[in-house]
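The values are calculated or read from the model by the stated rules, or taken from the named source; none is laboratory data. Predicted, not measured: the structure shown is a model, and the values here were computed from it. Ideal geometry is used to build each Cβ from the backbone, glycine not excepted, and the neighbour counts take in all protein chains shown.
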Amino acid sequence: DTGVSQDPRHKITKRGQNVTFRCDPISEHNRLYWYRQTLGQGPEFLTYFQNEAQLEKSRLLSDRFSAERPKGSFSTLEIQRTEQGDSAMYLCASSFGQTNTEAFFGQGTRLTVV
Amino acid sequence: AQSVAQPEDQVNVAEGNPLTVKCTYSVSGNPYLFWYVQYPNRGLQFLLKYITGDNLVKGSYGFEAEFNKSQTSFHLKKPSALVSDSALYFCAVRVISGSARQLTFGSGTQLTVLP
């Protein structure tokens, strides 16, 4: 499969625990995005990498959230001290080249905080 | 700031009839516009995009969209709907200039094609 891969697909965690999600973009794609989607809403932008550099962060990305993309390949999104409000689908997307190119999305990681 | 509005939460259409899913946008500059489709428990799939040129854009699965700059709209259309087109559709915008690279999405329109 040469698409965007996300792991795990589902995560249930207790409030206050830390969780980490992984995204493997399409191999030649230099741009990587994280979005969050809650039920009945469109995806909301969280953060953006160009290669290994994190170039944009949304105000939605509180200090409990951190993302990395070491070596400009895969990316991780960590949420510390999870809260029930963090329950959502976390989507990763990647694209190549200029801003007119479309982003390809992974199937997402569904997080449930209990 | 950029924003997208999808005024209809739900669109129902009979199989074989034409369908339209509406989208309007607001940006401070020239936009790149996209349509994505989402099936249950799946990620978003790219359908089509408007970058420049011809206002009528053709995409995957027989879908097309018309860019209207004066009305700041980018409605998704298909001449003959299929039951398998039933899904959640998202319009998204990205500005051409500036440092922002993220897509801003609308809230989505649930399309149901009735057999």
Going by what's in this entry, would A:ALA53 be described as modelled with pLDDT under 95 and either away from chain B (no Cβ under 14 Å) or closer than 29 Å to B:THR109 by Cα (or both)? no
Is there any pair with a first residue in region A:64-82 that is in a loop (DSSP other than H, G, I, E, B) and a second that is among the acidic types (Asp, Glu) whose Cβ atoms are under 9 Å apart and which are 6 or more apart or on different chains, and what are they? A:ARG64/A:GLU78; A:ARG64/A:GLU83; A:ARG64/A:ASP86; A:ARG69/A:GLU52; A:SER73/A:ASP24; A:SER73/A:GLU52; A:PHE74/A:ASP24; A:GLN80/A:ASP63
Please go through region A:50-74 and give me each residue that is under 12 Å from the mean Cα position of the chain (by Cα) and of a type in the set (Asp, Glu), ordered by number. A:GLU68
Please indicate, with yes or no, whether at least one residue in region B:87-97 is out of contact with any Leu (no Cβ under 6 Å at 6 or more places or on another chain), over 29 Å from A:LEU32 (Cα atoms), within 14 Å of another protein chain (Cβ to nearest Cβ) and at pLDDT 95 or above. no
Return yes when A:GLY3 is more than 14 Å from the chain's Cα centre (by Cα), facing another protein chain (nearest Cβ under 8 Å) and outside any strand (DSSP E or B) and no when it is not. no
Unmet requirement for B:LEU33, which otherwise passes all of (1) touching an Asp or Glu at 6+ places or on another chain (Cβ under 8 Å); (2) of a type outside the set (Asp, Glu); (3) buried (at least 20 other Cβ atoms within 10 Å of the Cβ): (1)
Meets criteria (surrounded by 14 or more Cβ atoms within 10 Å (Cβ to Cβ), touching a residue at least 40 places away in the same chain (Cβ under 8 Å) and in contact with a Pro (Cβ under 6 Å, 6 or more places away or on another chain)) for A:SER94: yes
Selection within region B:42-76 - more than 21 Å from B:ASN17 (Cα to Cα), in a strand (DSSP E or B) and away from chain A (no Cβ under 13 Å): B:PHE67, B:ASN68, B:SER73
Looking only at region A:83-103, and only at residues there that are of a type in the set (Ser, Thr, Tyr) and assigned to a strand (DSSP E or B), the one that is nearest to A:THR13 (Cα to Cα): A:TYR90
Per the filter on region B:1-30, residues in a strand (DSSP E or B) and touching a Lys or Arg at 6+ places or on another chain (Cβ under 7 Å) are B:LEU19, B:THR20
Is it the case that A:VAL19 is β-branched (Val, Ile, Thr), out of contact with any Cys (no Cβ under 9 Å at 6 or more places or on another chain) and farther than 30 Å from B:THR109 by Cβ? yes
Inspect region A:31-48 for any residue being surrounded by 14 or more Cβ atoms within 10 Å (Cβ to Cβ) and more than 12 Å from every other protein chain (Cβ to nearest Cβ) and give the result as yes or no. no
